[in-house]
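Engineer: Take this structure, written in structure tokens, and hold onto it; I'll ask about it next.
The values are calculated or read from the model by the stated rules, or taken from the named source; none is laboratory data. None of these values were measured; they are calculated from a predicted model. Cβ: placed from backbone, ideal geometry, glycine included. Neighbour counts: every protein chain shown. All accessible areas refer to the heavy atoms of the entire protein, side chains included, with ligands and DNA or RNA removed. Shrake-Rupley method; radii C 1.70, N 1.55, O 1.52, S 1.80 Å.
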Amino acid sequence: MKNIWKLAPLVVLAVVMVGCGGGGSASAEGVGESVLSAIQAEDFPAIYKSFDPWTTDGLQWRKDNAKYESETTKDWWKNNKDNYVGDNSMDPGKKLEIGDAETLFALEPGQGAALHEGWYKKAHKWEKFTDRMADMRLIGVKVRHGLEGDGSGSVNYRNKYGDSLEVSVTRIGGVWYADGVELNGQEKLPVAE
């Protein structure tokens, strides 16, 4: 019995470490702020650090499936190259330096998700993207608390340019995570009269 008490600190440490994984937050607003900070820093892969661990596992699964498809489809890179290279690609600013299928599939899952969700394209194509994101202001937090530490909701932002950012959130075991990020706006700003 005396030796069991010696293990207690290790058990507590293990419980704390399990509770801290996945990039969650104690509040829905905290998740929204993490996502917004990543967008403002143009560190788009960091958006996905706020997602729950199952979503991040799913990003790896999606990448593995796409890689398998590329390996089993004749001329896959030739037929899909324009999606990844060039001015009309998902990475027109060439931030990820994708030059071939091998480079594409070497991307971290968060980088791949940011690429496919259009974050690099928005940053490159949207007029005054940096200024517009810096001007985002919190306009509302809506949450629903459920049983046993679950819940859902959204954290909403808007700027003076009319752009809106919605971070959908979910609460699992008392910890809030992002489960969707949607940025709406126009590439070109309206001309002031």
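Engineer: Taking the stated definitions as given, is residue 170 closer than 28 Å to residue 23 by Cα, surrounded by fewer than 17 Cβ atoms within 10 Å (Cβ to Cβ) and of a type in the set (S, T, N, Q)?
Structural biologist: no
Engineer: So, in segment 71-95, how many residues would count as being among the hydroxyl-bearing types (Ser, Thr, Tyr) and either buried (at least 16 other Cβ atoms within 10 Å of the Cβ) or in contact with a Ser or Thr (Cβ under 8 Å, 6 or more places away or on another chain) (or both)?
Structural biologist: Looking only at that region, the number is 2.
Engineer: Taking the criterion of being more than 18 Å from residue 37 (Cβ to Cβ) and either buried (at least 17 other Cβ atoms within 10 Å of the Cβ) or among the hydroxyl-bearing types (Ser, Thr, Tyr) (or both), would at least one residue in segment 128-141 satisfy it?
Structural biologist: Let us first name the residues in segment 128-141 that are more than 18 Å from residue 37 (Cβ to Cβ), namely 128, 140.
Checking the rest, the ones that are also either buried (at least 17 other Cβ atoms within 10 Å of the Cβ) or among the hydroxyl-bearing types (Ser, Thr, Tyr) (or both) come to none.
Checked against the condition, which is being more than 18 Å from residue 37 (Cβ to Cβ) and either buried (at least 17 other Cβ atoms within 10 Å of the Cβ) or among the hydroxyl-bearing types (Ser, Thr, Tyr) (or both), segment 128-141 yields no hits at all.
Engineer: Could you tell me whether segment 147-168 includes any residue that is in a helix (DSSP H, G or I) and either touching a Lys or Arg at 6+ places or on another chain (Cβ under 9 Å) or of a type in the set (Phe, Trp, Tyr) (or both)?
Structural biologist: The answer is yes, given that some residue of segment 147-168 is in a helix (DSSP H, G or I) and either touching a Lys or Arg at 6+ places or on another chain (Cβ under 9 Å) or of a type in the set (Phe, Trp, Tyr) (or both).
Engineer: Something else about it: Does segment 158-193 hold any residues that are in contact with a helix residue (DSSP H, G or I) (Cβ under 9 Å, 6 or more places away or on another chain), more than 17 Å from residue 143 (Cα to Cα), of a type in the set (D, E, K, R) and touching a residue at least 40 places away in the same chain (Cβ under 8 Å), and which are they?
Structural biologist: If the condition is that a residue be in contact with a helix residue (DSSP H, G or I) (Cβ under 9 Å, 6 or more places away or on another chain), more than 17 Å from residue 143 (Cα to Cα), of a type in the set (D, E, K, R) and touching a residue at least 40 places away in the same chain (Cβ under 8 Å), then 187 is the only one that fits.
Engineer: Residue by residue through segment 51-63, note down the ones that are open to solvent by less than 80 Å² (accessible area, probe 1.4 Å) and not small (Gly, Ala, Ser).
Structural biologist: Filtering segment 51-63 for residues open to solvent by less than 80 Å² (accessible area, probe 1.4 Å) gives 51-53, 55-56, 58-60, 63.
Matches in segment 51-63: 51, 52, 53, 55, 56, 59, 60, 63.
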